[in-house]
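For reference, the structure discussed in these notes is given below.
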Amino acid sequence: MPALTTGTGLTTRLIACFDVVEGRVTKARRFEDNIDVGDAAEIAAAMYADGIDEIIFYDILASAQRRQADLVTIRAVAEQVFVPLAVGGGIRSLEDMHAVLAAGAEKISLDSMAVRDPQIITQGSVEFGRQCIVQSMQVKRVPVTEQIPSGYEVFIDGAREATGMDAIVWARRGEELGAGEICVNSIDQDGTHQGYDLVITRAIAESVNLPVIASGGAGSAEHAAAAFTEAGASAAIVSSLLYSPRMERTVPVGEIKAELARRYGLPVRQL
């Protein structure tokens, strides 16, 4: 298949994803074995100063613990950055959405709860606008079956529970329900630093008329470039490159952007 260009024609976006536990950013590998990285607000300030384009904040225990997202930490992070902040985890109602937006978020990320109650996507889209709702999905390679024709199944609850839903079918359904953006989290590639799953990212980008975020597997600027040029993603989560304890060398945002612009001719937002 010939290389694709980013679907929106706009500046490519680099996103830092915070998996937060009790106010601390952590990094996992295939959604397990989380390692502490540091204080969420302090890392947010450093990422903003370095030129990150967006931040996604996941309260990774909120849904499992059946509680609201950590509003104190969300507010502390929001006070440090002046770029879009999306928040996910512990969002079960419009009231929860209002609370995280009041704490400083600009977008709502819906994942496991959207699978359980798809109408929450529509409710959020109607209340706040489609641009506010990110449909986040955890996907894993599985054998191709009649039920999972793409060979990628949607999982929930930190990749612990299979849903029996095909990833492409769910992405299309999310668009119909009112999602304004889709984040494709590859369970297989997460934390491996071996590159994104370009197959499913491209398949979803070609199946919907929404911006798609590639997530899971970033280990170099080359990997990010492939997400944009080969998979048609509009944004790429590059957290491992920025602050993963498992990386031999972390890379400043500005250095990644410089390589994307110089080597691949991609449009980037300059600091």
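If only residues of region 62-73 that are part of a loop (DSSP other than H, G, I, E, B) and buried (at least 18 other Cβ atoms within 10 Å of the Cβ) are counted, the one that is modelled with the lowest pLDDT is 63.
Any residue that is in contact with a Ser or Thr (Cβ under 7 Å, 6 or more places away or on another chain), at pLDDT below 95 and within 23 Å of residue 82 (Cβ to Cβ) - is there at least one of those in region 227-242? Yes; the residues of region 227-242 include at least one that is in contact with a Ser or Thr (Cβ under 7 Å, 6 or more places away or on another chain), at pLDDT below 95 and within 23 Å of residue 82 (Cβ to Cβ). Note on region 78-157: enclosed helices (runs of 4 or more DSSP H) holding 1 or more residues that are in contact with a Gly (Cβ under 7 Å, 6 or more places away or on another chain), buried (at least 20 other Cβ atoms within 10 Å of the Cβ) and without any contact (Cβ under 8 Å) to a residue 40 or more places away in the chain are 94-102.
The values are calculated or read from the model by the stated rules, or taken from the named source; none is laboratory data. Worth saying up front: this structure is predicted, and the values here are computed from it rather than measured. Glycine gets a Cβ as well: all are built from the backbone with ideal geometry, and neighbour counts include every protein chain shown.
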